[in-house]
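Accompanying notes for the structure given below.
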Amino acid sequence: MPTRYPRYILTLLTIVFVGGLLTLIACGHGAVDKPIVTVSIEPQKYMLEQIVGDRVQVRCLLANGANPETYDPSMTHMINLQKSAAYLRVGNVGFEAALIDKIHDSNPDLPIFDTSVGVIPVRGTHVHRHADGTVDAEDEQSVDPHTWTSVKNARIMARNMLEAMIAVDPEGKSFYNKNFNDFDARLDSLDRLYAERLAPEAGRAFLVWHPSLSYFARDYGLEQVVTGGTEGKETSATGLREAVEEARSHNPEVFFSQTDLDSRQVGALNAEIGAREVRINPMAYEWAAEMEKIVDALTTH
């Protein structure tokens, strides 16, 4: 004789079964329908997400706190990259050059886009100065990789991202275009606002240990004075004395320092100079907030 269950138990079992089925369907669709696009650094991730919204899952290669000029992606990052519909590189960041060959070898069909195409390069900021004061000719011609630390450049990069996403996902064209237009309008407003705020500061110098604000300085007629190495390396006592003398000659008010790259010598150096130290993180996801912090520091006296 078949077992008979009370009606309320049958109702409860039905609810649980249907709810579980709907959850499985929803999870299945999420995994299948949402493509993955990989970028190199967190500021790129921020910019791309303004365009793709929740239509695309954006992943980032660079680990938190890693140096973008010496970073070596892990095997996990490489495996995740193989699952991507496209890879959007910054353009001239150190680890990307070594990575491209690995990507082609493991996934020759993966579309790769350079998001800095069209940016007018700043050259010669990342030089290694020898003991006799000379620098290598190759270093003098090397392109400064920090293209994203500029609102003007961000507009170019965002347009490159738009074109890449339309190529990868043509069905999302109208969606991407709308989001891009909104984002580009915000960037245009920011650029005009920053130009107005920084106009009285034109010609003034600010200090950095690592030359990460070259494009920003160019945009608004400022002078970036580099006091340390290009990769946060220790500087000799003689080099520090020369850096102090050079910095003082520019009468700077602000010294921008970075937690991810700066040497322990920054504090000692600035103690001799007496500038106002402002901690920034050009590699942060919160790109807009970091740009605002830089402008605020330079316009506060």
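Key figures for this structure:
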{"read-out": "Conditions (1) at pLDDT 95 or above; (2) surrounded by 21 or more Cβ atoms within 10 Å (Cβ to Cβ): number failed by H210", "value": "(1)"}
{"read-out": "Test for K233: is it basic (K, R), surrounded by fewer than 16 Cβ atoms within 10 Å (Cβ to Cβ) and either out of contact with any Lys or Arg (no Cβ under 6 Å at 6 or more places or on another chain) or at pLDDT below 95 (or both)", "value": "yes"}
{"read-out": "Hey, A154 surrounded by fewer than 17 Cβ atoms within 10 Å (Cβ to Cβ) and either under 16 Å from E292 (Cβ atoms) or outside the structural domain of Q57 (by TED's automatic domain parsing) (or both) or not", "value": "no"}
{"read-out": "Yes/no for E171 being part of a helix (DSSP H, G or I), exposed (fewer than 14 other Cβ atoms within 10 Å of the Cβ) and either at pLDDT below 95 or on the phi > 0 side of the Ramachandran plot (or both)", "value": "no"}
{"read-out": "Scope segment 278-294; condition under 19 Å from M157 (Cβ atoms) and assigned to a helix (DSSP H, G or I); matching residues", "value": "W287, A288, A289, E290, M291, E292, I294"}
{"read-out": "Filtered residues of segment 248-301 (kept if among the aromatic types (F, W, Y) and either out of contact with any strand residue (DSSP E or B) (no Cβ under 7 Å at 6 or more places or on another chain) or over 16 Å from Y220 (Cβ atoms) (or both))", "value": "F255, Y285, W287"}
{"read-out": "Residues (touching a Leu at 6+ places or on another chain (Cβ under 9 Å) and not in a helix (DSSP H, G or I)) located in segment 73-110", "value": "P73, S84, A85, A86, Y87, L88, R89, V93, N107, L110"}
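The values are calculated or read from the model by the stated rules, or taken from the named source; none is laboratory data. These numbers were taken from a predicted model, which means no experiment stands behind them. Please note: Cβ atoms are built from the backbone with ideal geometry, for glycine as well, and neighbour counts cover all protein chains shown.
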